[in-house]
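> Quick one: the structure is below, and I'll ask about it shortly.
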Amino acid sequence: MTKDQKRALCVVQKLKDLYPDAVCALHYEGDPWRLLVMARLSAQCTDARVNIVSEELFDRYPTPSAMADADLEELENILKPCGLYHAKARNVKEASRIVAVRYNGSIPDNMDELLALPGVGRKIANLLLGDVFHKPAIVTDTHCIRICGRLGFYPESLKVPYQVEKILVALIPPEDSSDFCHRLVMFGRDTCTALSPKCPGCPLSDCCEHYHKL
Ligand code: SF4
């Protein structure tokens, strides 16, 4: 086991202790199609806002078929608060059509078919693989990229999600990977924030290279 793998195990365990219940910040009520839609809406938008907008969205379009048949302008109006609403509306409408027609309302359980859905990149695909199918999955969102850089698993300047994913796949035990990423989101909001990380007293400080450079 490498030094970084040992350090990664230390971080995984400390985050488990801090956040025993690793939960997705998007309130998708156990419906994989809703998670697909909400994950697309969350690009450059907060999870809190997506949760609010989604209430009206799923009241109006409760199934993939209903969203596939949505009037595009009406859908855009609902999605406006999330930003990028033209592209998001087109993507979720078309993805919902494919889910309804090709997958009978389910979502595919593998990376290649998920990536073929409109608006789905590796981040969303990994979120779905981990949360819905309980497969190993590293979700390289902004918290994950920032915190793992600070911890020293790669240079803090590295911001390329796929490179980060490949590095973390080699460090984080597969069975922990999905929950690890949910815990990073919680830790990134509570402690290792973007602008003012609370380093003094941080429970991960003894595993953190950023801390040791302070
Ligand atoms: S010590 Fe600071 S930089 Fe390191 S994980 Fe904790 S809050 Fe983040």
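> Could you compute the FRET efficiency for residue 1 and residue 162, with r as their C-beta to C-beta distance and R0 at 30 Å, rounded to 0.05?
The calculated FRET efficiency here is 0.75.
> Please get the size of the charge dipole for the range 32-131, origin at its Cα centre, with Cβ charges of +1 on Lys and Arg and -1 on Asp and Glu, quoted in debye to the nearest 20. Before the final figure, lay out each step's value.
Working: 12 positive and 14 negative charges, 53 e Å.
Computed charge dipole of the range 32-131: roughly 260 debye.
> Run the quick spin-label model on residue 214 and residue 69: label points 7 Å from Cα toward the beta carbon, then report their separation in nm to one decimal.
Label-label distance for residue 214 and residue 69, simple model: 5.7 nm.
> Under DSSP H, which helices of the chain have Cα atoms covering 18 Å or more of the helix axis and a Kyte-Doolittle average no less than -1.0?
Answer set is 3-18, 47-60, 85-102, 174-190.
> Next question. Where in the range 131-152 is the amide nitrogen less than 20 Å from a point lying 7 Å along the Cα-to-Cβ axis of residue 103?
Backbone N within reach: 131-141.
> A further question on this structure: Report the extension gain between residue 51 and residue 112 in nm, rounded to one decimal, defined as 0.36 nm multiplied by the number of residues separating them, less their alpha carbon distance.
So the extension gain works out to 19.2 nm.
> So, one more: Quick one: which of 166/213; 14/93; 16/88; 93/198 span more than 30 angstrom between C-alpha atoms?
Correct reply: 14/93; 16/88; 93/198.
> To check my understanding: the extent here is largest minus smallest coordinate of the Cα atoms along each principal axis. What are those three numbers for the chain, in Å, largest first?
Principal extents (largest minus smallest coordinate, Cα): 55, 32, 29 Å.
All of the numbers you see were taken from the coordinates with simple rules; none came from a lab. Just so we're clear, the structure is a prediction, and the values are computed from it rather than from any experiment. FYI the Cβ positions are ideal-geometry reconstructions off the backbone, even for glycines, and counts take in every protein chain you see.
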